[in-house]
Amino acid sequence: MRTQSQIYGGAFAEPVFEAQAVFRTLMDCFARPGTTGRLSTAASPPPPLGEASGAVALTLCDHDTPVWLSPALSKSAAPKWIAFHTGAAVTDTKNEARFAFFGKGAAVPGFDQFGLGTQEYPDRSTTLVVEVEALEGGQPLIGRGPGIKNGIVIAPKGLPDVFLDLWTANRAIFPRGIDLVLTSGETVLCLPRTTKLERE
């Protein structure tokens, strides 16, 4: 019974208005990479899927967007929750996914295992939604690129040690590549593939 309540509950109380609010926050954060956005609405997805990641799923996923989930998420009630509330199918094939969700502490594989788009259709790539321990308190990185005026310092806590190498390789294949949404609690930080990151 508890599992059923996890699957059927926890979505937006006002789906249209709340999804619009989350979408606006995400677009603003993508337009200004490295800035932190607080979601003004809350979702209560089944654990270990976090609140912000759940809100992103409710906002961006639908029947045309296959979803890949990290192992712990795939073994939880999250696949059925996402499918019930968004219509999105869960896939085991990383490069078929339009969105990939990682629970806190999940191993992040090489970005090239996911859909990278093509030169003609770079938007046909996977967006990674990665929950981290916190959006501050980690290794400081300087972000530069479109939407960033004089450089911005970010310091997400809980990224893999190889993250900077993965991101540098991702940026090198522009216009192809993945985009990244980092989540923690009710906050998000977005990094489009155009953003250059280097150690402070």
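Okay, here's what the table says:
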{"read-out": "Kirkwood hydrodynamic radius over Cα pairs of the range 97-189, then Stokes diffusion coefficient at 25 °C and 0.890 mPa s, in µm²/s", "value": "176"}
{"read-out": "Longest exposed-site-free window of the chain, the sites being trypsin sites (Lys or Arg not before Pro) in a DSSP loop that have at most 11 other C-beta atoms within 10 Å", "value": "1-74"}
{"read-out": "Given charges at beta-carbon only (K, R positive; D, E negative), |dipole| of the range 1-158 in Debye", "value": "320"}
{"read-out": "Carbon plus sulfur fraction of accessible area for the chain, probe 1.4 Å, in percent", "value": "51"}
{"read-out": "Accessible surface, per residue, of the range 48-98 when the full set of protein chains is kept, probe 1.4 Å, Å²", "value": "44"}
{"read-out": "Inter-probe distance in nm under a simple model that places probes 7 Å from Cα toward Cβ, at MET27 and ASN95", "value": "3.2"}
{"read-out": "Column: log10 I(q)/I(0), Debye, Cα scatterers of the chain, q = 0.10, 0.16 Å⁻¹", "value": "-0.38, -1.01"}
{"read-out": "Spin-label model distance (nm) - ARG144 vs ALA13, 7 Å beyond Cα toward Cβ", "value": "4.6"}
{"read-out": "Selection from GLY138, VAL153, VAL181 lying farthest towards where the dipole of the range 58-200 points positive, charges on Cβ", "value": "VAL153"}
{"read-out": "Average Cα contact separation per residue, the chain, under 8 Å, 6 or more apart, as relative contact order %", "value": "23"}
{"read-out": "Radius of gyration and Dmax over the Cα atoms of the range 12-104, both given in Å", "value": "12.8, 35"}
{"read-out": "Label-point gap, in nm, between ALA172 and ALA72 - each point 7 angstrom along Cα→Cβ", "value": "3.1"}
{"read-out": "23 Å Cα-Cα threshold exceeded, pairs from LYS80/LYS104; LYS75/LYS196; LYS149/LYS196; LYS94/LYS149", "value": "LYS75/LYS196; LYS94/LYS149"}
{"read-out": "The range 21-130: GluC sites (Glu not before Pro) in DSSP coil with no more than 12 other Cβ atoms inside 10 Å", "value": "GLU120"}
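The values are calculated or read from the model by the stated rules, or taken from the named source; none is laboratory data. Everything numeric here is computed off the predicted structure, so don't read it as measured data. Virtual Cβ from ideal backbone geometry, glycine too; neighbours counted across all protein chains shown. The accessibility values were calculated without ligands, DNA or RNA, using every heavy atom of the protein model including side chains. Shrake-Rupley method; radii C 1.70, N 1.55, O 1.52, S 1.80 Å.
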